[in-house]
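A.B. asks: So that we are looking at the same thing, I have put the structure below in structure tokens.
The values are calculated or read from the model by the stated rules, or taken from the named source; none is laboratory data. Values in this document were obtained by computation on a predicted structure and should not be read as measured data. So basically every Cβ, Gly included, is an ideal-geometry build from the backbone, and we count neighbours across all protein chains shown.
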Amino acid sequence: MAYPNHALVTALRKAAGNLRSGVFYAWGHHGACNCGQLLQVLTHLSREEILSYAHMGKGEWTEIAEEYCNIAEIPLYLLMTELEKLGLHPPIFTIWNTSRIAKY
């Protein structure tokens, strides 16, 4: 479930602005896809750092989210925790409901 809030909307808008300005984007790259772009904004990590953390799990963000445990303290879970603090909760980390953003 996603909980729209000001911080989430601000982070999504910043990530969208970065994309509009031409930052590197790749659908199949954990650090440069939609989720990776948002994580870059939230964590100030590079796409390469996000990619290396994401490779500690298996699969795409949807599979990683399904296996997410907020007790573990390895870097991959740091990324997931940042998304969770922003109002995104498994398994919706890779689904963005932009229709609800406009009211913020």
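A.B. asks: Name the residues in region 21-43 that are closer than 15 Å to TYR77 by Cα and either modelled with pLDDT under 85 or among the small types (Gly, Ala, Ser) (or both), would you?
C.D. replies: Result: GLY31, GLY36.
A.B. asks: Within the group LEU8, LEU12, LEU19, which residue is crowded, with 20+ Cβ neighbours inside 10 Å, touching a helix residue (DSSP H, G or I) at 6+ places or on another chain (Cβ under 8 Å) and on the phi < 0 side of the Ramachandran plot?
C.D. replies: LEU12
A.B. asks: Go over the candidates SER46, SER52, SER99 one by one and state the one that is surrounded by 14 or more Cβ atoms within 10 Å (Cβ to Cβ) and either modelled with pLDDT of 85 or more or out of contact with any Asp or Glu (no Cβ under 6 Å at 6 or more places or on another chain) (or both).
C.D. replies: SER52
A.B. asks: May I ask you to list the residues in region 1-25 that are of a type in the set (Ser, Thr, Tyr) and either under 10 Å from the mean Cα position of the chain (by Cα) or in a loop (DSSP other than H, G, I, E, B) (or both)?
C.D. replies: TYR3, SER21, TYR25
A.B. asks: Scan region 48-64 for residues that are among the small types (Gly, Ala, Ser) and assigned to a helix (DSSP H, G or I) and report the count.
C.D. replies: Counting residues in region 48-64 that are among the small types (Gly, Ala, Ser) and assigned to a helix (DSSP H, G or I) gives 2.
A.B. asks: Within region 26-47, take every residue that is outside any loop (DSSP other than H, G, I, E, B) and of a type outside the set (A, V, I, L, M, F, W, C) and give me the one that is farthest from THR10 (Cα to Cα).
C.D. replies: ARG47
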